[in-house]
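Notes follow once the structure below has been shown.
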Amino acid sequence: MGWNSWNKFRTRIDDKTVREIADAMVANGMKDAGYQYINIDDGWEWKRDESGKLLTNPNFPDMKALAAYVHSKGLKLGIYSSPGPTTCGGYTGSYGHEEQDAKMWTEWGIDYLKYDWCSASRVWKDEDMRAVYQRMGEALRKAGGKIVFSLCQYGRAGAGEWGPLVGGNLWRTTGDIRDAYDSMATIGFAMSDNAKFTRPGWWLDPDMLEVGNGGMSATEYRTHMSLWAMVGSPLIAGNDLRGMTPEIHDILTNKEVIAVDQDRAGKGGHRVAQSGETEVWARPLEHGTAVALFNKGTSEAEVSVKWADAGLKGKQKVRDLWSHSDLGSKADGFSAKVPGHGVVMLRVGN
Ligand code: GLA
């Protein structure tokens, strides 16, 4: 769980903003809710010097000092690069300098690397992807092995299968998210087929959250957060943490939904029933099962789950994770009215 600069700031990101975001994450209770990574996306890089060392641009005068500052807040710092000669934003990538870069990030105190395919397709084919990611995976291990390795390859090249073998911890299942319901829903609901790959230390990454960026309603952002939690995906906020409404804050810090996302069993949730524009998803938890009733239509609909569809037998106690209320014990299943583009998310158990 953490934050990434891209969705809100694109390449207009600098040292001062990153420090302020870290401050905000502590002050607004997100750190207490479990968020810890502050990830700088594209836009920190500059050119290489004569020794091949990748320099930072003037927006980031001292990365080591920035990492120390973020660590002093009890948080972690992430960085971004590409296996290609340039990043998607046209900045310098790690091509041919993998070991040198991994060593430098380790010296800075970096905790997380998002490694984005981008211009790597100019020098390699998709069939080479595994070996290319392996090269950085080995460089990170050689440099100390403490950096979370995020594969950003837009769902390509079967990374779900081989990612853990090259040292990966998460993999992008789809293309880039936009702050719009259709984009979020397309990406989010597509995760069901990949649930089988999920296990502790190897997570689906449907991209960073757009919660709070303004393009969706609160109902739609609750659907967004629920879908990500149902598959145990990283919750990487992408809004400006220095100012958000109480409603957005409540969505990002809903401890019951976060507990589903972070469940220790580390199993993937998936679609267990579908009817018209409604879907039922279930995720086995360490204790009990998370069940989500989604309505993809635009007007309210009744959505029902049969316990048998969710792999459950007998009477189940039902708790609503967005209204924070116990709904009693139900014998065969449960039905609820779900708003258009909305969700009812439950924890079920006996
Ligand atoms: C790609 C990635 C995004 C972001 C940008 C940065 O599009 O998928 O998440 O990192 O590059 O340029």
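With respect to the conditions (1) out of contact with any helix residue (DSSP H, G or I) (no Cβ under 7 Å at 6 or more places or on another chain); (2) surrounded by fewer than 20 Cβ atoms within 10 Å (Cβ to Cβ); (3) in contact (Cβ under 8 Å) with a residue 24 or more places away in the chain, Gln134 falls short on a single one, namely (1). Within segment 57-76, does at least one residue satisfy the condition of being in a strand (DSSP E or B) and either within 16 Å of the ligand (Cβ to nearest atom) or among the aromatic types (Phe, Trp, Tyr) (or both)? Scanning segment 57-76, I find no residue that is in a strand (DSSP E or B) and either within 16 Å of the ligand (Cβ to nearest atom) or among the aromatic types (Phe, Trp, Tyr) (or both), so the answer is no.
Looking across segment 77-106, the residues that are over 24 Å from the mean Cα position of the chain (by Cα) and either within 13 Å of the ligand (Cβ to nearest atom) or in a loop (DSSP other than H, G, I, E, B) (or both) come down to Pro85, Thr92, Tyr95, Gly96, His97. Do the conditions hold for Ala195, that is, is it outside the structural domain of Asn295 (by TED's automatic domain parsing), over 12 Å from the mean Cα position of the chain (by Cα) and within 16 Å of the ligand (Cβ to nearest atom)? Taking the combined requirement at face value, the residue does not satisfy it. Within segment 78-85, the presence of at least one residue that is more than 21 Å from Trp202 (Cβ to Cβ) and surrounded by fewer than 17 Cβ atoms within 10 Å (Cβ to Cβ) is confirmed. As for segment 35-57, it holds no residue that is aliphatic (A, V, I, L, M), at pLDDT 95 or above, more than 19 Å from Met1 (Cα to Cα) and within 25 Å of the chain's Cα centre (by Cα). Total residues in segment 33-56 satisfying the condition of being within 14 Å of the ligand (Cβ to nearest atom) and in contact (Cβ under 8 Å) with a residue 60 or more places away in the chain: the figure is 3.
Here's the yes/no breakdown for (1) of a type outside the set (Asp, Glu); (2) under 27 Å from Ser51 (Cβ atoms); (3) at pLDDT 95 or above; (4) assigned by TED's automatic domain parsing to the domain that holds Leu54:
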| site | (1), (2), (3), (4) |
| --- | --- |
| Glu98 | no, yes, yes, yes |
| Trp124 | yes, yes, yes, yes |
| Glu127 | no, no, yes, yes |
| Pro164 | yes, no, yes, yes |
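The values are calculated or read from the model by the stated rules, or taken from the named source; none is laboratory data. What you are looking at is a predicted structure, and each value in this text was computed from that prediction instead of being measured. Reconstructed Cβ throughout: ideal geometry from the backbone, glycine too, with neighbour counts over all protein chains shown.
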